[in-house]
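K.L.:
Can you keep this structure in mind? I'll have questions shortly.
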Amino acid sequence: MFSKVFFVSSLSIYGELYSLYLLKECRGLGMGRQLVSAVVNHFKERGIRSMLVWVMEQNESGVGFYKRMGGKEYIRRTSEFGGSVVDDVAYGWKDLSVLCVE
């Protein structure tokens, strides 16, 4: 899991959860929520109040996870992953205090 501080001026979003991957056997156990919570706390401690995460559109479990976490779809892009062109969707939270993290 990686995170960074950046600014998307058109969205007024400052933090990015760069990547989060869970093994299939770890899904549904609350580990993803715990990892997101750690990133949110990291950002809040640094005064960052918004966050964006990119997920491949074909990653149904990832898309569903961020939607369940209250992420709002903001923008789309095309990128390269493993030598293939993929469609990405950005989910974001403009106010991390409303992020449903347990």
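Taken together, the values in this text are just the output of simple stated rules run on the coordinates, not laboratory data. For clarity, every value in this text was computed on a predicted model and none was experimentally measured. Neighbour counts run over all protein chains shown; Cβ positions are idealised from the backbone, glycine included.
K.L.:
Peptides 43-51, 70-78, 18-26: what's the order by average Cβ count within 10 Å, highest mean first? Write out the running numbers ahead of the final one.
P.N.:
Numbers: 43-51: 16.1, 70-78: 13.3, 18-26: 11.2.
Ranked by mean Cβ neighbours within 10 Å, highest first: 43-51, 70-78, 18-26.
K.L.:
Semi-axes, largest first, in whole Å: what does sqrt of 5 times each Cα gyration tensor eigenvalue give for the stretch 40-79?
P.N.:
Gyration-tensor ellipsoid for the stretch 40-79: 22, 12, 8 Å.
K.L.:
Which entry in [x] 33; [y] 47; [z] 15 matches percent of Cα pairs over 25 Å apart derived from the coordinates of this structure?
P.N.:
Of the listed options [x] 33; [y] 47; [z] 15, [z] comes from this structure.
K.L.:
Another question, if that's okay. For the chain, what is the mean residue ellipticity at 222 nm derived from helices alone (per DSSP H run of n ≥ 4: -39500 (n - 2.57); sum divided by total residues; nearest 500 deg cm²/dmol)?
P.N.:
That comes out to -7500 deg cm²/dmol.
K.L.:
With charges only on Cβ, +1 for K and R and -1 for D and E, what is the dipole size of the chain about its Cα centre, in debye, rounded to 20?
P.N.:
With only Lys, Arg, Asp and Glu charged at Cβ, the dipole is about 300 debye.
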